[in-house]
Amino acid sequence: MAKGIRILGPRKSDADLPWGMDLNVQDCYQCQKCSAGCPVAFAMDFRPNQIMQMVNLGQRERVLACKTIWVCASCYTCSTRCPNDIDIAGIMDWLRQTALRAGVKPAEKEVALFHAAFLDAIRTYGRVHELFLIANYKMKSGKLFDDFKLGWKMFVKGKLKLLPSRVNKKNEISELFRKAE
Amino acid sequence: MKVSYYPGCALHGTAIEYDESTKAVSRMLGVELCELPDWNCCGASSAHATDSSLALNLAARNLAIASAQGRDTVVPCAACYSRLKAAAHERHQEAGNGNHQPAPNILSLLEFLSGYELNSKMTALRQKSLAGLKLVCYYGCLLVRPPKVTGAKNCENPEQMDRLLKIMGAEVLPWSYKTDCCGGSLVLTRPDIVRHLVQRLLERAIEAGAEAIVVACPLCQSNLDSRQEEISREAGKIYAVPVLYITELAGLALGHSEAPKWFKRHLVNPKKLLATKGLW
């Protein structure tokens, strides 16, 4: 089986967490308002309302392996408009977190690798140095030449700094990551 | 007036002109921006996609620094604003249970500039009118959503930026895409989705009669500004809509001498448009 992408360590208690704990997904009555307003629904394999139903039916493997949870852009249009006050975007976060922790292979590998590169940048400097982030993401994803011309243009315009801006008390940042491992 | 300033990572890099114009406009309005000492990245979408407690703690470290400064904290980036507000919201609920100190007051730069005092100052200090400049305001997602966290009064039709631009004399046009997502969080990973969303925004802005789009978020700006050449190539139709920061236009209206320097950093150069309106 293909491997998942590890960003933080596997959570030992993962198996003990009840599926959908503390989330009011069961309030969903399938009005589909979330899917109607979702700007990226066209690129999803299941629409947000279908994901709610799948969660309710306990279809854990199917949900964690789908594209939708990675394509979701976290724009919060769904959470804002849901008549039953379900935080759908928050549920997408929970599903992404669960997929990563459980070692499920992400259906949109690049998105998960980007998050890994982004958190690497925070771990290293406490802040995101864009050049470091882009280079690291390219190394991880193998997409070395995508957007090369655009990157060069931004560099010429003085928009990509060579030297990182960083946090002095780095131990405080390391501590936050240690807590999350 | 003295406030704390949380620039966020983008303003030290790709959005350097947003940082420069924010500082310039603040100085002209008599506001002293004190950068939060040793601030760290808010975690953005990558932290909350990975671990809720890490996302909260990264933002909360900044809240603790802001609390120690004891002033309102102004945040120019919509994504940082959203993360800090979400953490403050969570802290606030915990404080309700008697667990923690109340969180510091977090304001988006747009909220801050829209306050009564600065609004009046802007009116009084205006040097140039932006008359004749046809604009649409693009707020994007995270300045307004989720309203439970941001406290936005009208999250489907925000108007703060519209009002500021009217004070500067610009012609602000109505359109229905003020808060539609540009796909910022997918910028490097799914550029195809981003191009689709951005093209729609550009199309609708042009349809509304806009000559430029005004933003108050570094991620929206870079997303809308930098993909136009690719979109043009794909669509076989040329898109060249300048995407300007609200602070750049404020600097222009207040007569700041460095305004042309900011505009030169844009990929779609607004020079021609501004020159035809006698603003360059």
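Read-outs throughout are calculated quantities, based only on the coordinates presented, and are distinct from any laboratory measurement. Note that the structure is predicted; figures quoted are calculated from it, not measured. No Cβ is skipped: glycine too gets one built from the backbone with ideal geometry, and neighbour counts run over all protein chains shown.
Can you list the aspartates and glutamates whose alpha carbon sits under 16 Å from that of B:Lys128, skipping same-chain ones fewer than 8 residues off? Qualifying aspartates and glutamates at Cα under 16 Å: B:Glu171, B:Glu248, B:Glu258.
Share of Cα-Cα pairs in the stretch B:2-112 beyond 19 Å, in percent? Each step should come with its number before you reach the end.
Working: 2577 of 6105 pairs.
Cα-Cα pairs in the stretch B:2-112 separated by more than 19 Å: 42 percent.
I need the GluC sites (Glu not before Pro) found in the stretch B:133-211, filtered to DSSP loop residues with at most 16 other beta carbons within 10 Å of theirs. If you can, show how the numbers build up before the last one.
Working: sites: B:Glu156, B:Glu159, B:Glu171, B:Glu203, B:Glu207, B:Glu211; in loops: B:Glu156, B:Glu159, B:Glu211.
Counting only loop positions with at most 16 other Cβ atoms within 10 Å, the GluC sites (Glu not before Pro) in the stretch B:133-211 are B:Glu156, B:Glu159.
Here the 3J(HN,Hα) profile of the stretch B:222-232, calculated from phi with Karplus coefficients 6.51, -1.76 and 1.60 at θ = phi - 60°, is 5, 5, 6, 7, 8, 9, 5, 5, 4, 4, 4 Hz, Gly and Pro shown as x.
Contour minus end-to-end for A:Ala102 and A:Phe148, with contour as 0.36 nm per residue of separation and end-to-end as the Cα-Cα distance? Write out the running numbers ahead of the final one.
On the way: separation 46, 0.36 × 46 = 16.56 nm, distance 3.41 nm.
Extra length available between A:Ala102 and A:Phe148 comes to 13.2 nm.
Taking the three principal axes of the alpha carbon atoms in the stretch A:26-131, the coordinate ranges are 45, 27, 22 Å, sorted in descending order.
Among the cysteines of chain B, those with no neighbouring cysteine Cβ under 4.7 Å are B:Cys9, B:Cys34, B:Cys41, B:Cys137, B:Cys155, B:Cys182.
Size of chain B from its Cα atoms: along the principal axes, largest to smallest, the extents are 58, 45, 31 Å. Peptide B:257-266 is shielded by partner chain Cβ atoms: per residue, an average of 1 of them sit within 10 Å of its Cβ. Given R0 = 56 Å, the distance between the Cβ atoms of B:Ser176 and B:Asp38 translates into a calculated FRET efficiency of 0.85.
Between 0 and 90 degrees, the angle of helix B:52-69 with respect to the longest Cα principal axis of chain B falls at about 90 degrees. Counting Cβ atoms of other protein chains within 10 Å of each residue's Cβ and taking the mean over peptide A:80-87 gives 2.
What does the net charge come to around A:Met44 if you take all other residues with beta carbon closer than 13 Å to its beta carbon, with K and R at +1 and D and E at -1?
Within the 13 Å Cβ shell, the charges total +1.
Highest mobility in the GNM of chain B, judged by mean-square fluctuation with C-alpha springs under 10 Å and restricted to B:Leu56, B:Leu118, B:Leu188, is found for B:Leu188.
Report the relative contact order of chain B, percent, no decimals, based on alpha-carbon pairs under 8 angstrom and at least 6 residues apart. Each step should come with its number before you reach the end.
Details: 469 pairs, mean separation 55.2, N = 280.
Result for chain B is 20 percent.
Counting Lys and Arg as +1 and Asp and Glu as -1 over every other residue whose Cβ lies under 12 Å from the Cβ of B:Leu173, the net charge comes to 0. Contact order, relative form, for the stretch B:129-276: 24 percent (alpha carbon pairs under 8 Å, 6 or more residues apart, mean separation divided by residue count).
Our note on the geometry: Cα centres of the stretch B:205-259 and the stretch A:49-101, 33 Å apart. Each principal axis of the Cα atoms in the stretch B:129-276 has its own extent, and those three values, largest first, are 40, 40, 26 angstrom. Ignoring lysines fewer than eight residues from A:Lys143 along the same chain, the ones with Cα atoms less than 27 angstrom from its Cα are A:Lys3, A:Lys67, A:Lys105, A:Lys109, A:Lys153, A:Lys157, A:Lys159, A:Lys161. Across the options A:Ala117, A:Gly158, A:Pro106, the greatest Cα extent toward the positive end of the charge dipole of the stretch A:90-164 (unit charges at beta carbon of Lys, Arg, Asp, Glu) belongs to A:Gly158. Over the protein assembly as shown, the ratio between the Cα radius of gyration and 2.2 N^0.38 Å evaluates to 0.95.
According to the Cα-based calculation, Rg over Rh for chain A is 1.01, with Rh computed by the Kirkwood formula.
If R0 is taken as 60 Å, the Cβ-Cβ distance between B:Ser52 and B:Lys264 corresponds to a FRET efficiency of 0.90. For the stretch A:104-181, chymotrypsin sites (Phe, Trp or Tyr not before Pro) meeting the loop criterion (DSSP other than H, G, I, E, B) and having at most 12 other Cβ atoms within 10 Å: A:Phe145.
Note on chain B: GNM, Cα springs under 10 Å; of B:Gly169, B:Gly151, B:Gly43, the largest mean-square fluctuation is that of B:Gly151.
Let me spell out the model: positive unit charges on the Cβ of Lys and Arg, negative unit charges on the Cβ of Asp and Glu, origin at the Cα centre of the stretch B:3-46. What dipole size does that give, in debye rounded to 20? Numbers along the way, then the final one.
Details: 2 positive and 6 negative charges, 17 e Å.
Here the stretch B:3-46 has a charge dipole of around 80 debye.
Using Cβ point charges alone (K and R +1, D and E -1), the dipole size of the stretch B:2-112 about the Cα centre works out to roughly 160 debye.
With each label modelled as a point 7 angstrom along the Cα→C-beta vector, the A:Val156-B:Glu159 pair spans 4.4 nm.
Unpaired Cys in chain A, meaning no second Cys C-beta under 4.7 Å: A:Cys28, A:Cys31, A:Cys38, A:Cys66, A:Cys72, A:Cys82.
Once the Cα atoms are used to define both axes, helix B:78-96 deviates from the longest principal axis of chain B by about 30 degrees. As I understand it, the value is the acute angle between the Cα axis of helix A:109-125 and the longest principal axis of the Cα atoms of chain A; what does it come to in degrees, rounded to 10? The answer is roughly 50 degrees. Each label point was placed 7 Å from the Cα along the Cα-to-Cβ direction; for B:Asn105 and A:Gln59 their separation is 4.9 nm. Residues considered: B:Leu164, B:Leu11, B:Leu173. Largest GNM mean-square fluctuation over chain B, using C-alpha springs under 10 Å, is found at B:Leu173.
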